[in-house]
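Encoded as C-alpha cells, the structure appears first; notes follow it.
The values are calculated or read from the model by the stated rules, or taken from the named source; none is laboratory data. No experiment lies behind these values; they were computed from the predicted model shown. As a convention, Cβ positions derive from the backbone with ideal geometry for all residues, glycine included, and neighbour counts pool all protein chains shown. The area values use the complete protein model at the heavy-atom level, side chains included, leaving out ligands, DNA and RNA. Shrake-Rupley method; radii C 1.70, N 1.55, O 1.52, S 1.80 Å.
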Amino acid sequence: MTEQQQQNEQQPINVNVNVYNQAPVAQLKTSRSVIKLILLSFITFGIYGLIFWASIADDLNVMASRYDGKRTMNFWLLIFIVSPITLGIGTLVWVHNLCNRIGSELNRRGVSYKFGVSDFWIFGILLSFTIICPFIYMHKLTTAMNMLSENFNVNG
C-alpha cells in the first residue's frame, strides 16, 4: 500500500448526517388567533376566513405528509366543487379529517396539547347553539396549529 492509502485508512470518516432533525424548508406561521380571524374576516367580508382555512390545510400538509403519507384536500377544491356537490357534507368530513390529522401530529411530535375530532364535534357542532363554543373550538384549533408550527419551525 502506498503511504496515501495508509493515511486514508487511519483517518476515521466523519459522517454527520441527521435525517430526522433537518431544518425546515420554510418557517410556518405561528401568529394565528381567533380575534384576528374575526376582525379580518369582518373587514374583508369573509375572504380572510377562507384564506385562514386554506393556510391551515397547507401548513398541515407541509408538517405531516412525509410522516403519515396523507394529504388534506385542497381547501379551494373543497369550497368550490366538493361542498356544493355534497350539500355541505363534504365540508364536515374535511374538517373532521383535518382535526384528526392535527391531533395525530400533536401526538407524534410529543406536543402536550389535547386537540382532536371530539373538539370539532362537541364544541364546533353539537354545542354551537351556545354561541361561545364555536369560539372555544376555534381557539383550540388556532392554539394547536400555532404549537405545531412552532415545533416544526424548530425541529423540522
Of all chymotrypsin sites (Phe, Trp or Tyr not before Pro) in segment 62-117, which ones are in loop regions per DSSP and have a Cβ with at most 16 other Cβ atoms within 10 Å? Y113
Once the piece of chain linking L40 and F80 is laid out straight, how much longer is it, given 0.36 nm per residue of separation minus the C-alpha distance between them? 12.2 nm
Taking R0 as 30 Å, what's the FRET efficiency between A26 and L50 from their Cβ-Cβ distance, rounded to 0.05? 0.90
Figure the gain on full extension for M73 and I89 (residue separation times 0.36 nm, minus the Cα-Cα span) and round it to one decimal in nm. 4.3 nm
Ordered by number, the trypsin sites (Lys or Arg not before Pro) in segment 89-156 that occupy a DSSP loop and have at most 14 other Cβ atoms within 10 Å are K114
Of all accessible heavy-atom area on segment 75-116, the percent that carbon and sulfur account for (1.4 Å): 69 percent
Segment 53-156: translational diffusion in µm²/s, Stokes-Einstein, Kirkwood Rh over Cα pairs, 10 °C, 1.306 mPa s: 112 µm²/s
Counting only protein heavy atoms and rolling a 1.4 Å probe, one gets per residue an accessible area for segment 20-112 in Å² of 60 Å²
Of all accessible heavy-atom area on segment 28-70, the percent that carbon and sulfur account for (1.4 Å): 74 percent
